[in-house]
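Peer 1: Got a structure for you, questions after.
What follows is calculated from the coordinates using simple rules that are stated; it is not laboratory data. All values reported here derive from a predicted model rather than from experimental measurement. Neighbour counts run over all protein chains shown; Cβ positions are idealised from the backbone, glycine included.
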Amino acid sequence: MIKRFDQKIFLSIYNYTQRHKLLKKSAIFSSKLGAKLFAIIYFLTAVQLFYQANPQIRTFILVPAAVYLLLKLIPVFYNRQRPFVELEIKKLIKQRQDHSFPSNHAASSLVIALVFLEINFVLGFWLILVSILISFSRIMLGVHYPSDILAAWILAFSIYGGGLLLTVS
């Protein structure tokens with residue numbers, strides 16, 4: 001039942017995107033450029049925090065690293081096919097036929113945005129909005145189901161929350 005619901009939502013979003021050329025181009029732009037933007041901003045900020053000997057560097061590095069490790073571990077136990085493979089539809093961007101669950105783009109961008117809230121709240125807020133765009137673009141482009149995104153967000157929020165608890169105590 002959940003799988004059918006997931007596929008129904010996915011197909012609604014995907015088919016709508018297919019019919020609107022500008023929306024499709026915007027989704028491709030968000031997915032491709034968004035990931036690069038996050039990588040550059042994250043790397044430059046990590047270097048800056050390191051050279052400033054900022055104590056927040058530990059959380060800034062370890063929380064996203066924990067999410068990354070879990071993103072690599074989860075598919076070992078649950079390897080879900082991507083929608084374009086499972087449903088035999090056209091993918092709208094170049095994408096390997098590897099695992100779909102959870103979304104690396106959604107989890108990574110969100111956890112990076114969340115750790116930025118501690119460093120620069122305004123930038124963190126804007127990065128959260130960009131992360132949401134990236135996440136939805138992955139559904140629109142046919143490479144993730146909505147549940148892949150939701151699981152990624154839950155993972156990012158959980159690890160971020162755990163990281164905050166560890167740094168407070």
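Peer 1: Measure off 7 Å from each Cα along the Cα-to-Cβ vector at S26 and V47, then give the distance between these two points in nanometres to one decimal.
Peer 2: Result: 3.3 nm between the two label points.
Peer 1: Highest first, please rank the peptides 28-34, 67-73, 50-56 by the mean number of other Cβ atoms sitting within 10 Å of their residues.
Peer 2: Numbers: 28-34: 17.1, 67-73: 15.6, 50-56: 10.9.
Sorting 28-34, 67-73, 50-56 by mean packing, highest first, produces 28-34, 67-73, 50-56.
Peer 1: To continue, here is another question. Using DSSP H assignments, which helices in the chain have an axial alpha-carbon span of 18 Å or above and a mean Kyte-Doolittle hydropathy of 1.6 or higher?
Peer 2: Details: long enough: 2-19 (26 Å, -0.67); 21-51 (45 Å, 0.96); 57-77 (31 Å, 1.94); 104-119 (23 Å, 1.57); 121-140 (28 Å, 2.19); 146-168 (33 Å, 1.48).
What comes out of the filter, once short or polar helices are dropped, is 57-77, 121-140.
Peer 1: Explain nothing, just the number: relative contact order of region 2-168, from Cα pairs under 8 Å at least 6 residues apart, as a whole percent.
Peer 2: On the way: 198 pairs, mean separation 55.1, N = 167.
For region 2-168, the relative contact order is 33 percent.
Peer 1: Here is a further query. Along the principal axes of its C-alpha atoms, what lengths does region 9-82 span, in descending order and rounded to whole Å?
Peer 2: 51, 34, 14
Peer 1: In units of 2.2 N^0.38 Å, what is the alpha-carbon radius of gyration of region 71-143? Before the final figure, lay out the partial values.
Peer 2: Numbers: Rg = 14.1 Å, N = 73, 2.2 N^0.38 = 11.2 Å.
Relative to the 2.2 N^0.38 Å estimate, region 71-143 comes out at 1.26.
Peer 1: Take E118 and L69, extend 7 Å from each Cα along the Cα→Cβ direction, and tell me the distance between the two endpoints in nm.
Peer 2: About 1.6 nm separates the two model spin labels.
Peer 1: A follow-up question, please. Using the beta-carbon distance between A35 and R4 and R0 = 22 Å, what value does 1/(1 + (r/R0)^6) give for FRET efficiency, to the nearest 0.05?
Peer 2: On the way: r = 30 Å, r/R0 = 1.37.
The formula returns an efficiency of 0.15 here.
Peer 1: Residue separation times 0.36 nm, minus the C-alpha to C-alpha distance between L11 and K91: what's the value? Intermediate results must be reported in sequence, preceding the final value.
Peer 2: Values: separation 80, 0.36 × 80 = 28.80 nm, distance 1.23 nm.
Residue separation times 0.36 nm, minus the Cα-Cα distance, leaves 27.6 nm.
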